[in-house]
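Asker: Take this structure, written in structure tokens, and hold onto it; I'll ask about it next.
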Amino acid sequence: MTEVVHKPVEIVLVRHGQSEGNVINHRLKAGEDIVVPGYRERHESLLRLSPLGVEQARAAGSWVLKNVIEPADYNFRLMTSPYNRAMETAVEMGISDLWEPRLELREREWAEAAYLSPEERREAFERNEQLRQMSYYFWPPPGGGESVARMVDNRIKANLGTLYREDAGAGAIMVTHGETMWGYRVPLEKLHPLEFNEQDRDPAYHIPNCMIIRYKRQDPRSGEMLEHFEWRQAVCPWDASQSWAEGEWVNVQAGRRNVPTSQLQNWYEAYPPLEIPE
């Protein structure tokens, strides 16, 4: 196939290492009554990595250097979310002395729900929690939070457009956040909202701290350059058991996605018609 020059060859997404917020929220979800001085007075963008998060970032950097950067015959654009935990991850990865902070890579905005435990959120925003159960993809967190749908439409697609215009034939490594990585999966894998919701509930698609998700146009078997990002690899460098498909490359939906009418029917027939009184 003729080389296509209007897209990067490779896009690499790296989730930040374990953060202070991750540690606190995990303990709150476990039912522990933990109080951390200053936690709720510090904006969530300012939270740092935990000691374990630093180790994870270094493991991710070693893996990226060995498996992504050194084998490539093209240059990489290095970008990071401007949030502290992402910038610290980029520094601790140790793969470059120059990074480009990009607002498009920030975490999904959780607004008033950012510091609440699941129990506190259920109590304070009962109706909003019902909306979350209906469709996680379209759900906005309370108080002006950002739905995944809005995140994808407003900034993820814009960022991909920038890469397509400015980095054709090159690669991009982006340190970002778990929910943001889910957002990138939507246009790169052509996920339907119902597929997104289903996979979000599936532990097999969990994105742990410092997971690396790669998308390539180059066939990893033959080396052939393809038009679309048809190959995905998802690796957890510090715990291989959390990698997807055992860390192997898998073929994913790419390009324009046309689905048969039977699939459309399967999606909507999962919701029986309402019995509306006459």
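Asker: Whether any residue in region 28-51 is closer than 26 Å to Asn197 by Cβ and modelled with pLDDT of 95 or more is what I want to check.
Answerer: The answer is no; no qualifying residue exists.
Asker: Taking the residues in region 1-27 that are in contact with a strand residue (DSSP E or B) (Cβ under 7 Å, 6 or more places away or on another chain) and acidic (Asp, Glu) as candidates, determine which candidate is modelled with the highest pLDDT.
Answerer: Glu10
Asker: What are the residue pairs meeting all of these: first residue in region 142-163, first residue hydroxyl-bearing (Ser, Thr, Tyr), second residue in a loop (DSSP other than H, G, I, E, B) and modelled with pLDDT of 95 or more, Cβ atoms under 6 Å, and 6 or more apart or on different chains?
Answerer: Ser147/Phe138
Asker: Select from region 205-221 the residues that are modelled with pLDDT of 95 or more and not in a loop (DSSP other than H, G, I, E, B) and write down the one among them that is surrounded by the fewest Cβ atoms within 10 Å (Cβ to Cβ).
Answerer: Per the criteria, the residue is Tyr205.
Asker: Continuing with this model, one more query. Quick one: which of Arg127, Arg150 is under 17 Å from Arg185 (Cβ atoms) and surrounded by fewer than 19 Cβ atoms within 10 Å (Cβ to Cβ)?
Answerer: Numbers: Arg127 fails: under 17 Å from Arg185 (Cβ atoms).
Testing whether each residue is under 17 Å from Arg185 (Cβ atoms) and surrounded by fewer than 19 Cβ atoms within 10 Å (Cβ to Cβ) leaves just Arg150.
Asker: Scan region 165-177 and report the pairs whose first residue is at pLDDT 95 or above and whose second residue is part of a loop (DSSP other than H, G, I, E, B) and among the aromatic types (Phe, Trp, Tyr), with Cβ atoms within less than 7 Å and a gap of 6+ or a chain change.
Answerer: Ala170/Tyr74; Gly171/Tyr74
Asker: May I ask you to say which residue of Trp238, Trp231 is more than 28 Å from Glu88 (Cβ to Cβ) and in the same structural domain as Ala60 (by TED's automatic domain parsing)?
Answerer: Going through Trp238, Trp231 in turn, just one is more than 28 Å from Glu88 (Cβ to Cβ) and in the same structural domain as Ala60 (by TED's automatic domain parsing): Trp231.
Asker: Moving on to the next point. Taking Tyr184 as the residue in question, decide whether it is within 18 Å of the chain's Cα centre (by Cα) and outside the structural domain of Ile213 (by TED's automatic domain parsing).
Answerer: no
Asker: Here's another thing I want to ask about it. With the requirement that a residue be within 22 Å of the chain's Cα centre (by Cα) and among the aromatic types (Phe, Trp, Tyr), what does region 114-160 give you?
Answerer: Tyr115, Tyr136, Tyr137, Phe138, Trp139
Asker: Can you find, within region 62-72, the residue that is surrounded by the most Cβ atoms within 10 Å (Cβ to Cβ) among those that are of a type outside the set (A, V, I, L, M, F, W, C) and under 21 Å from Arg232 (Cβ atoms)?
Answerer: Here the residue is Asn67.
Asker: Also: Quick one: Arg127 ticks every box in (1) in a helix (DSSP H, G or I); (2) in contact with a Pro (Cβ under 7 Å, 6 or more places away or on another chain); (3) not assigned by TED's automatic domain parsing to the domain that holds Val23 except a single one, so which number is it?
Answerer: Condition (2) is where Arg127 drops out.
Asker: Can you say whether Arg58 is in contact with a helix residue (DSSP H, G or I) (Cβ under 6 Å, 6 or more places away or on another chain) and either in the same structural domain as Gly183 (by TED's automatic domain parsing) or surrounded by fewer than 19 Cβ atoms within 10 Å (Cβ to Cβ) (or both), as far as the supplied structure shows?
Answerer: yes
Asker: If a residue must be at pLDDT below 95 and either in a helix (DSSP H, G or I) or of a type in the set (S, T, N, Q) (or both), how many such residues does region 222-244 contain?
Answerer: 1
The values are calculated or read from the model by the stated rules, or taken from the named source; none is laboratory data. As the structure is a prediction and not an experimental result, all values here were calculated from the model. For neighbour counting, all protein chains shown are included, and Cβ atoms are generated from backbone atoms with ideal geometry for every residue, glycine included.
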